[in-house]
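The structure appears right after this line, and notes come after that.
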Amino acid sequence: MAIDLNDILNEFNLESEIDRYGNGHINDTYLTNSRKYILQRINTNVFKNPEKLMDNIEKVTDFLREKIIAEGGNPKRETMKVIRTRYNKNHYRIDDNNVFRVYEYVNNTISIETSKSYTDLYNAGKGFGHFQKLLSDFPAEQLYETIPNFHNTPSRVDNLVKAINEDKMGRAKDIQQEIDFALEFSKEASVVTDAIAKGDILLRVTHNDTKINNILFDEKTREAVCVIDLDTVMPGSILYDFGDALRMGGSTGAEDETDLSKVNFDAKAFEAFAKGFCSETMHSMTEMEKELLPFSVKLMTYECGIRFLTDYLEGDTYFKIHRPGHNLDRARNQFKIVADIHKQQDDLLKIIKQL
Ligand code: ADP
Ligand code: GN1
Ligand code: MG
């Protein structure tokens, strides 16, 4: 069925020209020409219950808004605002594959994709850390789990093994080296989930997708303004948010850079982000959480790498790709970073101890 985006905007009482926008791997994002609204088609292949997903996002943003007002911040800039339809719903469903939502566009901000300075990383750390702090007393039981086992790394390993065994596209034979790497590291996959099960790591309300383009920066001061992409806000570990942000934030290359000599893990980037993040969260972290901060970056990068590899084996059905082999390139890139972090693990722990 052909969809006319203007009809969709109408449903939200809006009228504007509209263009494709952003670099997310999941949803289809559009910006109105007035630069006032973001329209998104929710990826219903990924998010099976968009109604409950949108209820989560409204609960979280309403909660954040009150906190931001209480601390004297600017709620129009510091949290997202869901626009309701003319029937007062937080989304517009046409059919199972076409579920739309609208947010206010956060003005005078930029997204940072790859080139970032240490100051940007410090600011991103502070932004994600502050988000974590604001949500520290959000009632977790009110949240629907939008993607079950999202950061359950052992379950991600199981998915990979299944994809290797099924080998639907006949691609496994050409990527033995990547498969060996993934299986070798799987020994460490359960460190965080085991610690959660034992109670050594707290379950909190976390963002779970803290890549650098999921936080908006002020276009002039480059301070972090607003955490976006709240689809995966669910109970999780603070280590997921820390580790996932540095997966891309700490890399010297883009996530899909194929010249792996350009892809390394930069300890100074780690230090800058950690300084910002810990300035907001250190007081609330357990000893075990602090100890595992460097490991979390390796774990989250590994997890993302095996997700890309699994998607490659399954025929690229989850992440948007822009060229053949894109997911394989991304997986190789992530594994290069994993190997590099592994070598620097002791130095990274020293940095945390100094903080
Ligand atoms: P995905 O889940 O596909 O990653 P996002 O929600 O992260 O989708 O949106 C994709 C991009 O669109 C973001 O990286 C950001 O650049 C831009 N964007 C999304 N929402 C807003 C907003 N409310 N204001 C300004 N830019 C936004
Ligand atoms: C996806 O939605 P986006 O592009 O911000 C993915 C993350 C991955 C990331 C890899 C819901 O993030 O988990 O880490 O791609 N989001 C979802 O770049 O799967
Ligand atoms: Mg995103």
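Taking the accessible area of the stretch 118-354, probe 1.4 Å, and keeping the other protein chains in place, the carbon and sulfur fraction comes to 51%.
In the structure shown, the pairs LYS48/LYS81; LYS89/LYS133; LYS211/LYS298; LYS298/LYS353; LYS198/LYS298; LYS187/LYS275 are assessed against 26 Å; a Cα-Cα span above that value is assigned to LYS89/LYS133; LYS187/LYS275. A 1.4 Å probe run over the protein chains yields, for the chain, 45 Å² of accessible area per residue, whole-number rounding. Between the residues SER296, LEU246, GLY125, the greatest Cα displacement towards the positive end of the dipole of the chain, with unit charges on the Cβ of Lys, Arg, Asp and Glu, is found for GLY125.
What FRET efficiency, computed as 1/(1 + (r/R0)^6) with R0 = 25 Å and r the Cβ-Cβ distance, is obtained for SER111 and THR258, rounded to the nearest 0.05?
Working: r = 23 Å, r/R0 = 0.91.
So, using R0 = 25 Å, E works out to roughly 0.65.
Cβ-Cβ distance of THR221 and GLU15, R₀ of 25 Å, FRET efficiency by 1/(1 + (r/R0)^6): the value works out to about 0.15.
Approximating the spin labels as points 7 Å out from Cα along Cα→Cβ, the ILE3-to-ASP55 distance works out to 2.3 nm. Straight-line reach from LYS220: taking Cα to Cα under 15 Å and skipping same-chain neighbours fewer than 8 places apart, the aspartates and glutamates in range are ASP120.
In the stretch 1-51, what percent of the accessible surface is made up of carbon and sulfur (1.4 Å probe, ligands and nucleic acids excluded)? In the stretch 1-51, the share of accessible area belonging to carbon and sulfur is 40 percent.
Please list, by residue number, every one of the GluC sites (Glu not before Pro) in the stretch 5-71 that is coil in DSSP and has at most 13 other beta-carbon atoms within 10 Å.
Sparse-neighbourhood loop GluC sites (Glu not before Pro): GLU15, GLU17, GLU71.
Note on the chain: dipole from Cβ charges, positive end direction compared against ASN159, THR79, THR206; the farthest Cα belongs to THR79. Taking a straight Cα-Cα cut-off under 17 Å and skipping sequence neighbours fewer than 8 places away in the same chain, the aspartates and glutamates within cross-link reach of LYS76 are GLU58, ASP62, GLU66, GLU104, ASP218, GLU219, GLU223, ASP229.
Evaluate E = 1/(1 + (r/R0)^6) for THR29 and ASP95, where r is the Cβ-Cβ distance and R0 equals 22 Å; express this FRET efficiency to the nearest 0.05. Approximately 0.65, to the nearest 0.05.
Taking all protein chains together and rolling a 1.4 Å probe, ILE212 ends up with roughly 10 Å² accessible.
Selection among THR146, THR317, LEU349 by position relative to the dipole of the chain gives LEU349 as farthest towards the positive end (Cβ unit charges, Cα centre).
As a length-normalised measure over Cα pairs under 8 Å and 6 or more apart, the relative contact order of the chain settles at 19 percent.
Report, in debye and to the nearest 20, how large the dipole of the stretch 93-152 comes out about its Cα centre when Lys and Arg carry +1 and Asp and Glu carry -1 on their Cβ. Walk me through the intermediate numbers first.
Details: 5 positive and 8 negative charges, 54 e Å.
So the magnitude is around 260 debye.
If you keep only loop residues by DSSP, which trypsin sites (Lys or Arg not before Pro) in the stretch 303-355 have at most 15 other Cβ atoms within 10 Å of their Cβ? Working shown, then result.
On the way: sites: ARG307, LYS320, ARG330, ARG332, LYS336, LYS343, LYS350, LYS353; in loops: LYS320.
Listed in order of number, the matching sites are LYS320.
Extension gain for the segment GLU66 to THR119, taken as residue separation times 0.36 nm less the Cα-Cα distance, is 16.2 nm to one decimal.
The values are calculated or read from the model by the stated rules, or taken from the named source; none is laboratory data. Please read all numbers here as calculations on a predicted model, not as lab measurements. Heads up, the Cβs are rebuilt from the backbone with ideal geometry, glycines too, and the neighbour counts pull from every protein chain shown. Heads up: the accessible areas ignore ligands, DNA and RNA and are worked out on the full protein's heavy atoms, side chains in. Shrake-Rupley method; radii C 1.70, N 1.55, O 1.52, S 1.80 Å.
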